[in-house]
Structures are given as C-alpha cells and as structure tokens.
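Structure record follows, encoded as structure tokens.
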Amino acid sequence: MAQPGRPPAAVGHSGQNGAGEQRYTNGPVQNSLVHSSQMSDGQGYSSAVPGLYSHQVPAKVPLQPSSGQYNFGGSQNVSPLSNQRSGQTINRPSMGHTSVVPLQHASSGPQMLPPSQNSAAVPSSSSSFVPGAHNAALSNWQYDQTPMSQPTGSQTHHFAHIAGTASTHPSLSLSGSTNPPTSHQYTVSPGGPPLQNSYMKPGSVPAPVNRPLASVFPPARSPPGPPPVGGPTLVRPSAPPVGPPPTSSVPHPPLNSASNHEGDVTATASDGSLVQNSYDAIEGGGFMATTFPSPAPQNLNLGRSIGYSYPTLPPAYQSASSPGAPGMQSSPLQYPAGSQSFPQPALGGNHLTASMGRLSLQPEGLRPINLLQERNILPVTPLQAPVPNLHEEIQKLNCNPELFRCTLTNIPQTQALLNKAKLPLGLLLHPFKDLSQLPVVTSSTIVRCRSCRTYINPFVSFLDQRRWKCNLCYRVNDVPEEFMYNPVTRVYGEPHKRPEVQNATIEFMAPSEYMLRPPQPPVYLFVFDVSHNAIETGYLNTVCKTLLDNLDLLPGNTRTKIGFITFDSTIHFYSLQEGLSQPQMLIVSDIEDVFIPMPENLLVNLNENKELIQDLLRTLPQMFTKSLETQSALGPALQAAFKLMSPTGGRISVFQTQLPSLGVGALKSREEPNQRAAAKDIHLTPSTDFYKKLALDCSGQQVAVDLFLLSGQYSDLASLGCISRYSAGSVYYYQSYHHQHNPVQVEKLQKELKRYVTRKIGFEAVMRIRCTKGLSIHTFHGNFFVRSTDLLSLPNVNPDAGYAVQMSVEESLTDMPVVSFQSALLYTSSKGERRIRVHTMCLPVVTTLSDVYLGADVQAITGLLANMAVDRSVSASLSDARDALVNAVIDSLSAYRSLVLSIQQPGLMAPYSLRLFPLHVLALLKQKAFQTGTNIRLDERIFTMCQVKNQPLIYLMLMTHPNLYRVDNLTDEGALNINDRTIPQPPILQLSVEKLSRDGAYLMDAGSVMFMWVGKNCGQNFISQVLGVPSYASIPQNMTHLPELETAESIRTIAFISWLREQRPFFPILYIIRDEGPLKSSFLQNMIEDRTESALSYYEFLLHIQQQVNK
C-alpha cells in the first residue's frame, strides 16, 4: 500500500506574480496541469454586476442573430500589405460566391448554448430608496426588496433560494491532464501578477497592494474536545479496498440532471428543442435546486461555533493508509449513535456590546459626535474597513475586506430593523483581484452542500467527525471519506485542518464535470479605427509599439491566437497565413452585409506566426497616413469581429476616435453644451439598442468587448458603452487624445495599455453570490449580463473590475448568531485550466438599532449609494439621483437622532461610525458623475458613471474623495520600508484651502490624476532639490514629470509618488502647478470642503442636513 506522498517544498517563483507556489500532494504528482510552469499565472478575476444602463435589458433577449442577419455578400479586395490601398479586387456575384471557409479551431469544441437561454431581466417598479420614505418622493431610496429604481437589467432576485455558480463552457477535461481521480494536490498559487503597471523604473518600490493571504496553511486548532466515546477506532481490514473510494450515503444525481449543479433548468433553444441551461447546471443551484429531503434538524439555533469544516479529499485518500500504520487498511470510522458536537468558540456579534452595555460603557463607534463642532474628523491615515464583532478565532479566518465587504458589518435581524436604520444593505466585491498568494486545491471531489451547493468553508459547523452543517441553508451533509486525510499535516482524521476550512479565499482546480467543452484557447482580436481623424491623433503608433513590446507577455499558452481588423468606411482584414512573406490585406466594402473572407487565416497562432504579426504591427501605423476617409463604420466592424470570434470566444479590443457615422450603429451628436446638466438629462441613455443587442450576442458566445475611446469630440459614450457593459468588458476614455497637442495622454495610454494586455484574464466565466437563508440579493451593479435569474455571465473577467449587489432581509434571522456570504467565480485561465475562486465572509446578526449603526461601513455605504445613484440618474434624472443621495444622509441621521440618542442635544449628531457619511456624500455630489453645471462634457460624465459601476471600492473612494498630502517636508518618520526602499507616509489633510500654506507644496491624489500645487513662497530647497529648477518663476507651466535628482528630498518624493501609482491598475498623470497656473481651478475643484460655483461647502451642507433632520 503506497504511503501518502510528502508535500513537496515550495516550488519556484512565478515571474509575473512575484510569489511562489507551495504544493501539497497526496501522492505522486500525476496531473501535469499543476506543475509550476502552468500555474504561474494563477488567474484572478474581477467580476461585475448590472451596469450603467441596466434598465434596458429586455425581458427575453435572444442572443442569436435572426436568420439572415449576417448574410455574406459584397466584394472583397485582396492586396499585399503595403502603404497603398489599391490591390487585386475580387468581386463576388452573389451571396456565398466567394467561398468562406468556416473558422477551423481544432481546440474550440462545440459552440456555446444559444443566447435564448439568457434569462430576462425583470423590470421592477421604481420606488423610493429610503426605508419608510413616502412613495411619492422619488428622490428617496428605500432599502428593501425593491431595487432602486431599477432599470430592466438590474434583476430582482432572491438568492437565498438559488445559490450556485455555473460554468460557461467548462472543458471536457483539463488540457493535457493525465490525472487519475486518485491524485490530488494542494497548491498555494500566486493569484496572478501583482499590478504590472509598474509606472516606475525597474528596481522601484512595489506597492504593498494587499495583505498576502497566508501561503502556509496555519496549523489549525487541535480538534475541539475528545473524539466521540471510545474514539474513532480504525478497523483495518486485511486487504486494501478495491475500486473507487466510498462516497457519501446520499446518491449524487446524474451530471445532467436539473438538480445537480447550480439548480439547472431547461431552456428552449433557437430551434425549439429543449436544452439544458449549461451555466446553471455546472455551478450548482440554490436552496430549492435539489430534490433531496434535508435532514437538517428543525431547531436552527446556532449556538455552536463555526470554524471547523471538512473539505472533500481526493478519492485517493480513501485508499491511502493511515499515517503511522503502514500496510494496514483503513475503514470508515465507527461512531456511536447520536450527534457528537465539537465545542467551538462563541460566534455571536452581541456578546461584546451586551457586556459593555451592562457596564454602562459605550463602544467608540456609537459615540455621538456633533459634526458642526468637531471639524477635524478626517483620519490622517487611510480609513480602514471596520472589523466585524466576531470571536477572535472566527474573525481571523474571515475574508479580506479588499475582496469582499458589506455595508453593515452587523446584520439586522429583520427587514423592519433595517428599515428603521435607513441604511442600505449590500455587498461590494473585488473577486478577481491580484493576490500575492492564493491557496489552490486540486481534487477530483470538491465538497459542497448537497442542497444549496455552497462550497465548504471556514464557517460551516461540524456535528461530529462525519457530518457538517452548511452555514447557508443549515442542511446536514456527510463528510466524504477522502476528506478525512489532511495532505498538509499528513494526518488522517483532521479535516478541520485542511486548506479549504482554513482559508476564506481559496481556488479550486475544477474537475471535468465543471466543463461543457474543452477550455477555450486565449483569443485576442484588436479592432482599430483608421479613419483620417484617427490617424491624426497618432494613437496607432503608441498602440502598435506597446503591443510589439509586450507580445510575449500576453497571457496564454501554445494555443494563444491573435488577429487584427482595421476600419474606416470599409473593413480591412489581415491574413497572417503561414508561408506568406508579408501580411495580406483583405478589404470588404459591403458594410451592409458583412462577411468574413478566408476566416481560417485571420485568427492565427501567436507563437507560430509571430514574425508576420510583428511585421503587421510595424507596418500598420504608416499604412493609412495619406487616407482622406473621414467616415467610421464601427457597427459593421464590430459585427465582423463578433463573427470571427464566435466559434471560440475571447476578447475584442476596439479603438475608436469619433462618432460612428456609417452602417448599422451609426450615431448622431446629441450633446448640447448649454444643457449638459439639465434637470431632465435624457442623453444619459443610449440612442440605439444596437450596441446592447450585439453585446448580448457576444456574451452568448463568450466574447467580451473592451472599448478604448480616444476622442476630442462628442462620441456618444452612453450608446457605445453598452458594447462593453453587457459583455463584461471595460471602457477606457482618453479625452482629447493627441500625440502632439496632448502628449501626457500618450504616456497614460502606453502605461495603461501595457497593464491591460499583460494582466491576468479569465475566459468563459460565470459568478454567483450566495447568502444565508433569510437574506436575499435583488440588484446587481457592474459590467455583465444576468443569466437564469442570479448567475452573472462574464465572458472575460479581469483583476481590475469590481461589483456590487443590494440585499434585503427576507425572513427574520431569529436564532442565528451569524450569517455568511459566498461568491464563487468559475473561469478558464489563460493556461487552459478550469478554476473556481471562492470567497466566504461571516458577519454577526444583531437585534438593536444601536448595534446596526455600530457596524456601519461608511465607505461601503458610499460606494453602494454611488452605484444606486447612477441607476437613478439614467432611469429618472440627475437631479433625482442627487436628491436621493442627500436624503440618504438626512434619513439615517434622523433615525439615529430619534431612535438611538437617549439625550437630545443641539447640533447635528452622528454616531462615530457615520461621522464621514455627510462628507462622502458631498464628495459624490461634487464628482463628475453627479455634479451640476455645464463644464462637464457629456462623454466625460458618462465615463465617470462607468467607473462608478466597474471600479473596486478602494479606487472609487479615491476618485470621490481625493487624498491631500504636504510634500515639501517629507521625512522618514513612520515611513514604510519596502524592498530596501523607504516610502514616506505623510498625514492626510482635509480638502480645504484652509489647509494650504503658500510656504509649502501639496500633492493631491485623485485616483486617475495627481496635482502637485507649489505655493508662491515655497522653500527654495524644495524647488531646487525636488523640482530641479532655480526659482519658483522657473517652474514650467506644463510640467508633468519630476526630475530624478540625487538628493534625499527628490528620492523621498519620487518614492512616495511611485508607491501611490503602483497601487492602482491605471496611470495617474502628475500635473505640477504654480499658485496662479491655469490648472489651479482643477486642483481647487477637488477641494470638497470648500464652496464652488454650483455646490455648497461642507459646513453649509451640514447646516442644510441639520435643518432637515430637525424638522
């Protein structure tokens, strides 16, 4: 009988991630997929939820084009790739005369299920947002089941009943896998490259982006209490067991049954036949998804501790001999009848506050603050997320708030209590974030609840060593035999020490049942606008050079494919067939009926055709320099790109510089400068549904579209942005991009494009969020399409995207000391592995209003309100959204004053936990998405709304409320030491000119832009030692870079700015401005606490709030 293998030591470091992988295996490493060379990219991801125009998702949107919609027709010109557009012309008489070879991707597998499976978005009535608000008052928000004025795309769903994560197109088997069901490995894999936008020179200090997750699974607590009477005696039969390991007593339904994975339901295909809903079938269903009677006891009083859960072990563990007993066989542990509970620490969130109440003490979070008197409330260090009031043993296992956080860290027991608090309940996620270390488990069996399909996690409870209770639906499940062996400690019978139960964030290598087709290859298609206007901007030089420099860093493997399309009034394809001496241009002039010429040579293998691809990238920028074509046929070009990508799925990157003017999707200018922020801003909505419908087609074929808009003119981003929003893509906007007139944008595009093409990526992904029974999720925010009620379709998932969801308390959480939330993201890595990333968070339940306020997370509340306000702006009007934001503050502080404060005091009273709430809402009102006035271009406003919907919370807050630092007196006191570099940590200042001195220099970090304001009387030392100029008057008007000087002051300043830049996936331009410089107005616009032409100062805003609260 073979001994379980010893866990190998940490294997090498991944070049991209900067972190090593520690592997744990149960036996010989037989799965080639798990070798370090293949796991180096440890895919991570960020998923998004309903986006900017969710109200426009129709109830049933077939994703399949109607018959005849994409007929082949038109002429094609074939010419050698040169600077001249003329060439051999091939005319086709009729449709199909030119033979169009179907795309032949040997590895692509069957196509995705027809789009008809996409669940419709459920429109919901618009209602007030504030609990208890009058229905007539549109400007208020109500935090209950009714989504905020929800556009059609923001579904109303109840997740408590439907939990699970489905796979889009899982593979039939992991590529190259020879892993028999008995081989398992436990790998700590880096979660992907750390932010690669190192906007510093090599050797610069990397930013401590996240607290690394523990790569070594800490030795778990010893099993609580003695084993059941007599102990689990091992009865060892004389012969080793033969055949597959035993499974739990409840039979698994067949893979294709509707009840198996994510609560699969059948859907009607376009041909009328019934097909399985593949997405739901794979990831698993919700509470009602299975037909098994739940053996869970009726009494759900959870006065037990959570924290010991038993993950399933690979089947191999069943035949592995017990450590210390070589050659002897193991049999199931024998337990006496009856439930043997494991004593665990108390979980509840009430025990601390309750005991403090008895002592007449008041937690700091509830200390009343008079905001009109206490003006210096902004912390001098970045605000941290509140720590949930859980037992220490439980809290240390909780999910990192950078990945998963809730607006209320104390969950109200009832909806009535939530309504009284007048605060929104919701989750903010950054699920695919780059992680320095990520535990990865490879096993043929992934332990999940038989009823709701929750993945086993640190917060389940064990009734005994053989049974665990789900922390979401409370079903009692059997612990599989193979889960009893812990490969980390090499001990049998310690499932509570397995990685799955010790880590709230974990990644599983998915077995074949999570796949519907072989994992797709990485496919990248670049679509370039080459009209006269586009060539004038000079963007093509920057893009082609950046791609040339980073071709080898594109995430992928030997199957990676790449292709290129350019367009003006016609569409140009590029044949990169092996054997050609140079790329060949194929011109399709019939944009009314786009067809794909020679499809087998347009998307080619990157490694096999690298020289031709490099030739094309070197030639492209010069090919169209003499073009006088001013028209833009973006719509037909996107249709062509969709057709080319449909057989495999992948990513389309579109670069556009003007309003589309030809063919389907042509748009007309709608911007009227004098009505940019009118009361009824109708132009926030798309003017056509073409881009949305095409995005849904793309989503059905696992294609995401990322839009790069480089335009000085109005381009109707409200319409164009739909192509990215509904296909789970991203939008990048470079206002007034020009390589000569606006050179700082060139560097920004180059840095951000490098990050974009080299960051990790997940393909054919789906995400589902589950929560404890009694809670329900009803509205999503982000970039995605919602399938089958609660499943988010993410054809691509990237590490820079965030999502938000709104929740309600559907049933009273009586007798539940804690509730849990779990997100599961199923995706295909660029290496062709099917993976599942799971995050689980546990929070206490409270019964008093004061405890609800005590656990308020003011940043998360602000982020969720911002998402809700974007929806309100689009569905109602900008003024309605602004009113609703103000009312959110008024209502919550009114409730606190009338229901919590025991002694009424003059002034504007707020609990300490909400002391920054009015300031953050005022900052939102002054942000470009929501501010009034005519100085904001419509596209700029729309882009900021896109960012609100798709940015992780940490970046959204920085964009909303910038950080201000004084930098002319930086010291090493309190500095961080990273990689032998010293990073100064100056205190954060309030955003008011009162805090500025003309004797100093100040850095404002506003997320996507930075300003360094230098006062008139700034010390000569700073001007010469940091700015490198002899005097204040010598500072150039358009200075955007600090010289690298060999002075201590220069080194400190550059180290600090570089460290700030490295902590984000986009590149903030640094503008150095003098006191009287033209950019001073932009700098002062971000002074949130001061009055502007169209907005109140912070003090005036507080007086307004006080007046309303005291009514």
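The values are calculated or read from the model by the stated rules, or taken from the named source; none is laboratory data. Keep in mind that this is a model prediction, so the values were computed, not measured. No Cβ is skipped: glycine too gets one built from the backbone with ideal geometry, and neighbour counts run over all protein chains shown. Accessible surface is based on the protein model in full, side chains and every heavy atom, while ligands, DNA and RNA are left aside. Shrake-Rupley method; radii C 1.70, N 1.55, O 1.52, S 1.80 Å.
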Counting only residues that are surrounded by 24 or more Cβ atoms within 10 Å (Cβ to Cβ) and polar (S, T, N, Q), region 478-501 contains a total of 1
All-but-one check, M1039 against (1) in contact (Cβ under 8 Å) with a residue 40 or more places away in the chain; (2) within 35 Å of the chain's Cα centre (by Cα); (3) under 24 Å from V744 (Cβ atoms); (4) open to solvent by 10 Å² or more (accessible area, probe 1.4 Å), failing number (1)
Checklist entry - Is it fair to say A856 is under 25 Å from A801 (Cβ atoms) and either modelled with pLDDT of 95 or more or open to solvent by 30 Å² or more (accessible area, probe 1.4 Å) (or both)? => result no
Yes or no: I1023 open to solvent by 30 Å² or more (accessible area, probe 1.4 Å) and in a helix (DSSP H, G or I)?
no
Considering region 685-724, residues that are in contact with an Asp or Glu (Cβ under 7 Å, 6 or more places away or on another chain) and open to solvent by 10 Å² or more (accessible area, probe 1.4 Å), and then whichever is nearest to Q745 (Cα to Cα), we arrive at Y714
Scanning region 781-819 residue by residue, those under 20 Å from N471 (Cβ atoms) and either open to solvent by 10 Å² or more (accessible area, probe 1.4 Å) or out of contact with any Cys (no Cβ under 8 Å at 6 or more places or on another chain) (or both) turn out to be D790, V805, S808, V809, E810, E811, S812, L813, T814, D815, M816, P817
Checking P621, P599 in turn, the sole residue that is farther than 24 Å from L659 by Cβ, out of contact with any Lys or Arg (no Cβ under 6 Å at 6 or more places or on another chain) and open to solvent by less than 40 Å² (accessible area, probe 1.4 Å) turns out to be P599
Q395 fails exactly one of (1) open to solvent by less than 10 Å² (accessible area, probe 1.4 Å); (2) modelled with pLDDT of 95 or more, namely (1)
TODO: Taking G933 as the residue in question, decide whether it is over 23 Å from A866 (Cβ atoms), of a type in the set (G, A, S) and either free of Cβ contacts under 8 Å to residues at least 60 places away in the same chain or open to solvent by less than 40 Å² (accessible area, probe 1.4 Å) (or both).
DONE: no
Original post:
Can T828 be described as open to solvent by 10 Å² or more (accessible area, probe 1.4 Å) and either over 21 Å from P412 (Cα atoms) or in a loop (DSSP other than H, G, I, E, B) (or both)?
Top reply: no
Within region 888-897, identify whether any single residue is touching a helix residue (DSSP H, G or I) at 6+ places or on another chain (Cβ under 7 Å) and under 16 Å from E1100 (Cα atoms), and answer yes or no. yes
Filter result for T630 (open to solvent by 10 Å² or more (accessible area, probe 1.4 Å) and among the polar types (S, T, N, Q)):
yes
Restricted to region 456-468 and to residues being outside any loop (DSSP other than H, G, I, E, B) and surrounded by 24 or more Cβ atoms within 10 Å (Cβ to Cβ), the residue modelled with the highest pLDDT is W468
If you go through D815, D800, the only one that is modelled with pLDDT under 95 and not in a helix (DSSP H, G or I) is D815
**Item:** Test: residue in region 928-945 that is closer than 28 Å to L854 by Cβ and in a helix (DSSP H, G or I)
**Value:** no
Scanning region 866-917 for residues that are more than 18 Å from L423 (Cα to Cα) and in a loop (DSSP other than H, G, I, E, B), the one modelled with the lowest pLDDT turns out to be Q904
Within region 941-980, restricting to residues that are acidic (D, E) and modelled with pLDDT under 95, the one that is nearest to G729 (Cα to Cα) is D980
Scanning region 707-747 for residues that are part of a helix (DSSP H, G or I) and over 22 Å from the mean Cα position of the chain (by Cα) gives S719, P743, V744, Q745, V746, E747
